[in-house]
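Only one structure is covered here, and it is reproduced in the block below.
The values are calculated or read from the model by the stated rules, or taken from the named source; none is laboratory data. Keep in mind it's a predicted model, so treat the numbers as computed, not measured. Reconstructed Cβ throughout: ideal geometry from the backbone, glycine too, with neighbour counts over all protein chains shown.
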Amino acid sequence: MATYAIGDVQGCYRELLRLLEAVQFDAARDRLWFTGDLVNRGRQSLEVLRFIRSLGDRAVVVLGNHDLHLLAVAQGTSALRPKDTFVDVLGADDRNELLGWLRRRPLLHDDPVLRYVMIHAGLPPQWDISEARAYAREAEAVIQGAEAEAFFRAMYGDEPAQWRDDLTGIQRLRFIVNCFTRLRVCDDQGRLILNYKGAPGAREPGTMPWFEVPGRRSAGRPIVFGHWSTLGRYHEQNVFNLDSGCVWGGRLTALRLEDRRWFSVECEAVCSPGEA
């Protein structure tokens, strides 16, 4: 039995199948972890959702920002954007089953046996893993519950930029979800810089990748994540970035968690770096 964590698929179904062939994935024995952003930008979001859902408990998925955007559009609280490529999902006969399944995916997965944590984007330095898990469950309850429409309507926005224990309502939920699904860099006080999409070396002075903030309280556990395609495949400081830019002609990457062996396949470009 092996566990393969896979970076942002974003509708690249053919590349996903080639990656699974490369690792000799056995659905009866192995497990797959997906770092979120199953959909959008690539050409086959519907096929990706159908396939991963069909794996049942052999697949673990956390929500990414593109997944949440699909759910918001389906809910009628957000409009389609010119570069969205998940119209096939919205028009599918099994749309409700697929979207219901996606909506029930977590924001954080914590494996007590392997000891790895999986998220889509990042964690602010103020949170340890126990706190991050609790805040993820708090937001998941809203996304999966009767208040989902109101949340999706107010989900977009960059404020508040810094965590406070006394945050409430949509301000609290937006900060939590922004961390799990959008964070790349912040300052040394943990203020989120959410408009940055470039490589680490081009960031503004005084900002740093979320995992380099001194005193980060989640540093004791290995964390796998995606979202940052211009960072590319990365392993330092107990973090593993698996998004290596599949949709802009990079690679689709997997990490076998048991022995930390990397695998990847080449991908066809469908958008430019930073657009994903």
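Summary table
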{"item": "Of the criteria (1) hydrophobic (A, V, I, L, M, F, W, C); (2) farther than 24 Å from V9 by Cβ; (3) not in a loop (DSSP other than H, G, I, E, B), which one L167 fails", "result": "(3)"}
{"item": "Single residue of the range 170-194 satisfying the filter (buried (at least 20 other Cβ atoms within 10 Å of the Cβ) and assigned to a strand (DSSP E or B)) that is nearest to the chain's Cα centre (by Cα)", "result": "V185"}
{"item": "When residues of the range 55-85 are limited to those that are closer than 22 Å to R182 by Cα and of a type in the set (D, E, K, R), the one surrounded by the most Cβ atoms within 10 Å (Cβ to Cβ)", "result": "D67"}
{"item": "Residue that is basic (K, R) and either without any contact (Cβ under 8 Å) to a residue 24 or more places away in the chain or closer than 28 Å to R256 by Cβ (or both), where the choices are R216, R153", "result": "R216"}
{"item": "Filter result for the condition that a residue is part of a loop (DSSP other than H, G, I, E, B), under 18 Å from the mean Cα position of the chain (by Cα) and either of a type outside the set (A, V, I, L, M, F, W, C) or more than 28 Å from C12 (Cα to Cα) (or both), over P112, P160, P106", "result": "P106"}
{"item": "Qualifying residue in the range 86-101 (condition: surrounded by 15 or more Cβ atoms within 10 Å (Cβ to Cβ), touching a residue at least 24 places away in the same chain (Cβ under 8 Å), charged (D, E, K, R) and more than 27 Å from Y234 (Cα to Cα))", "result": "yes"}
{"item": "The range 11-32, subset surrounded by 13 or more Cβ atoms within 10 Å (Cβ to Cβ) and of a type in the set (G, A, S), residue farthest from R53 (Cα to Cα)", "result": "A22"}
{"item": "A121 being aliphatic (A, V, I, L, M), farther than 30 Å from L231 by Cα and at pLDDT 95 or above", "result": "no"}
{"item": "Segments classed as strands (runs of 3 or more DSSP E), wholly inside the range 195-263, with at least 2 members that are buried (at least 18 other Cβ atoms within 10 Å of the Cβ) and of a type in the set (A, V, I, L, M)", "result": "223-225, 251-256"}
